[in-house]
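These notes are about the structure you will find just below.
Just so you know, all these numbers are worked out from the coordinates, no wet-lab data involved. Owing to the predicted nature of the structure, the values given are computational and were not obtained by experimental measurement. Quick reminder, even Gly has a Cβ in these numbers, built from the backbone with ideal geometry, and neighbours come from all protein chains shown.
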Amino acid sequence: MIRVLPRPPVRSAGALACALPPRAWARALVAALLAALLATPALAEPLSNDLCMNCHAEPSLERSSGGTAYVDLAQLKLSPHGRLACVACHKGMEELPHAATLPEVRCGGCHQDAAVAIAGSAHRQAAGPREASCLGCHGTGHQVRRPTRTGTADCVGCHVRVTEQYRTSVHGTAPARGDPEASTCQDCHGPFHSIRLHTDPASPVYRANLPHTCSRCHANRALMTRRRITIPEAYALYTKSVHGQSKDPRAATCSDCHESHDLRRANDPTSSIFRTNVPHTCGRCHTREFAAFETGIHGQALRRGVTAAPNCTDCHGEHVVRGPKDPASPVVASAVNTTCSRCHEAQGIRETYGLPAGRLTTYRDSFHGLASRGGSKAVANCASCHGFHDILPSSDPRSAVSPGQLGKTCGKCHAGADKWATLGGVHVVLATQTSPILYYTRLVYLWLIISVCGGMALHQALDFIRKSRRHYRIYRGEPHPERSPGRWYVRSLPIERLQHVLLMVSFFTLVWTGFALKFPESWLFAWLAHLEAGFAWRSVIHRIAAIVMIVTSLAHLVYLFTRRGRGLIFALLPSLRDVREAWGNVLYLVGLRREPPAFDRFNYIEKAEYWALVWGTIVMTVTGLLLWFANQSLQWMPKWVLDLATLVHYYEAWLAFLAILIWHLYQNILNPDVYPMNWAWVTGLISEEQLRHEHGSEWERMEAEEAAKAAAAAKAEEK
């Protein structure tokens, strides 16, 4: 209680004049004037601070309700309120001594805008029924301070934990590094007086608003450049992500990954986005995936401190995380193999951690890989067999690719896979001796292709040179036999020409669609691979062509039992004469013999073509059927047999294609004697001149037969 002496009673001026002697009257007049001054302060000038300080300068002065009533005038004068009178804030002092309890100070009387702003703020709600506690942030009215830009000095009084987190965060330590543009409390939460709870939809830090709040800085290209932010497009990338486009109010925002106040750099081991901490951060929402990842080989490696082991962001991306069905996602079915190969095909990672090499190559060369390269969306990829998050090595019994689980894993696509015979290796490297049967089969085929096709090419080149020189001599005017067609002879019947056409069309269709599977990226087959992505057109066409070839071959087999067919097959049987004629023709082609051999109905070139066709058709049919009905095949034979069938089918296709290209097409198109084409396959006829030149022995025999018939007819007429 502040004690003030009582004032004397006030009397009128007339009464004083009558009752008092002159000396007493003078004293009474002075007392009356002094009493009038003390009794009516509201009608005069406001009380001065000096008058208030008569009492409030005493440090021991206390309030009746408890607490000090001492005022440090020097501190008051240094504050923004230093020029104000005490009564400007402390109302109810019109009479002295003033009441023991004065009305509460109302800052809104002067700071009306702030009062309106704070009325709906989080701080006003926290203050309860009392007016928002301005003193909590600004200090007492006598020592009020202006808020600093960082705001932590003002916020720490109530928000101790979060301000301490902020001070050690990227934003909080930036000012110490001389960054004047570092984010402060106010930059995220909004102006101090209008700060709202994070659960308020109007708050800048409300979940739905948070990305936009962060974008004020992180979408400012100029600011990002000045501050050398590593990922300047973070906000733009986030808006394209599955999180940024989600309508789910629980979808991850910036603070879910980066923390709200304890935001740290990615290279800080305590950061929520440090490599080894990323799975835990993502696991806050994706609990099931995190549990699976922790049991997998990648999660185990991260726990051991292997920072090169992949975490969530390595596979799914960082800010631009896309859904697994998004065509642009790194984990969409068509992209999984590429995503996995970034580590498993990286030489440094493989060598450091002892990972097997060639996994992507062997997959790409397998049927699954070829179909995937062709655009198939249903074919198995890395994750189909190895799993997504709980990937384990094949030596672990829990692994999806362990010997005990492999049948079940394959059975997800191939019904009855658990009943298959021995599966053997999945990633088969043909170029190594770890699979000797496949290795040597491939080696034999490579040498066969090189030697056979090389020999064919050399033979045809010599043939072309020899015939070109002969035609050049004719062009220069050298004498030559009259080249008139003369008579025409039947070379093939319509049924034989139909077989040839069906065989030709089905063969080239098989070659085209088969190589489209092996080389889907090539411009020759890219359009067909594109169709494969929508529907398996390539495989359907390939199988139809295979059926046409098989049916044609069977029809030809039946035809061989006819009278003409038997004649054809006997004429096509190889003999020692073919060896002699081949050697003689080679001597002719190299200039060591003047005339070529006189060939019979079929020369060694045509016989080699026919029996190569028979062999190739049988091999391609058997291997093709094994691959076509792979599920059934694997129930009776180990997987290496199918691997062998795949290898043989591929290299036999190359051998057949090159043989047709070098041997057959040259013989009937590029051959100077028949160019631009030997039309016998269309008309079935061969001219006498061509027959005499290409099949001299047959022509002589036919001439002899005709002469004998003519002689017999003449003899019969004579009789």
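For segment 519-587, evaluate the Debye formula with one uniform point scatterer on each Cα (no solvent term) and list log10 I(q)/I(0) at q = 0.18 Å⁻¹, rounded to two decimals.
Result of the Debye calculation: -0.78.
Once both axes come from the Cα atoms, what is the angle between helix 436-448 and the longest principal axis of the chain, in degrees from 0 to 90, rounded to 10?
The answer is roughly 60 degrees.
Counting pairwise Cα distances across segment 626-672, what percent come out greater than 18 angstrom?
Percentage above 18 Å: 49.
Given a Förster radius of 25 Å and the C-beta distance between PHE561 and MET677 as r, what FRET efficiency does 1/(1 + (r/R0)^6) yield to the nearest 0.05?
Here the calculated transfer efficiency is 0.20.
How far, in degrees from 0 to 90, does helix 563-572 lean away from the longest principal axis of the Cα atoms of the chain, to the nearest 10?
The answer is roughly 80 degrees.
Over the chain, what relative contact order in percent results from Cα pairs under 8 Å that are six or more residues apart?
The normalised contact order for the chain reaches 8 percent.
For GLU62, what residues show an amide H to amide H distance below 5 Å, using hydrogens built from the backbone and excluding near sequence neighbours?
The list, which skips near neighbours in sequence, is ALA69.
Would you mind listing how long segment 145-270 runs along its three principal axes, going by Cα atoms, in whole Å with the largest first?
45, 33, 29
Using only Cα atoms, find the angle between the long axis of helix 22-39 and the longest principal axis of the chain, and express it within 0 to 90 degrees, rounded to the nearest 10.
The helix 22-39 is inclined about 20 degrees to the chain.
Applying a 10 Å radius around every beta-carbon, put 445-455, 165-175, 215-225 in order of their mean neighbour count, most first.
165-175, 215-225, 445-455
Give the distance, in whole Å, between the Cα centre of segment 504-556 and the Cα centre of segment 375-437.
Centre-to-centre distance over Cα atoms comes out at 27 Å.
If you take the beta carbon distance between ILE449 and ARG221 as r and set R0 to 51 Å, what does 1/(1 + (r/R0)^6) give as a FRET efficiency, to the nearest 0.05?
Step by step, r from the Cβ atoms, then E = 0.30.
Taking other Cβ within 10 Å of each residue's Cβ, how do TYR439, TYR472 sort, fewest first?
So the ranking, lowest neighbour count to highest, is TYR472, TYR439.
For segment 648-719 and segment 290-335, write down the distance between their C-alpha centroids in whole Å.
What the calculation gives is 67 Å, centre to centre.
Size of segment 229-331 along its principal axes in angstrom, Cα-based, largest extent first?
Cα spread of segment 229-331 along its principal axes, largest to smallest: 36, 31, 23 Å.
I need the GluC sites (Glu not before Pro) found in segment 519-617, filtered to DSSP loop residues with at most 15 other beta carbons within 10 Å of theirs.
GLU521
Give a quick list of trypsin sites (Lys or Arg not before Pro) in segment 286-333 that DSSP marks as loop, anything other than H, G, I, E or B, with at most 15 other Cβ atoms within 10 Å.
Sites meeting the loop and neighbour criteria: ARG304, LYS325.
Relative to the compact-globule scaling 2.2 N^0.38 Å, provide the ratio for the alpha-carbon radius of gyration of the chain.
Taking N as the residue count of the chain, the ratio is 1.88.
For segment 486-706, place one equal point scatterer on every Cα, skip the solvent, and apply the Debye formula. What is log10 of I(q)/I(0) at q = 0.10, 0.11 Å⁻¹?
The calculated log intensity ratios at q = 0.10, 0.11 Å⁻¹ are -0.58, -0.68.
Apply 1/(1 + (r/R0)^6) to the Cβ-Cβ distance of ARG470 and LYS715, taking R0 = 45 Å, and write down the FRET efficiency to the nearest 0.05.
That gives a FRET efficiency of 0.60.
Which entries in the list LYS377/LYS412; LYS412/LYS518; LYS247/LYS377; LYS419/LYS518; LYS419/LYS639 go over 18 Å, if you measure between the two C-alpha atoms of each?
Long pairs (Cα-Cα over 18 Å): LYS412/LYS518; LYS247/LYS377; LYS419/LYS518.
Is any residue of segment 562-602 close enough, with backbone N under 16 Å, to a label point placed 7 angstrom from the Cα of ILE495 along the Cα-Cβ axis, and if so, which?
562-570
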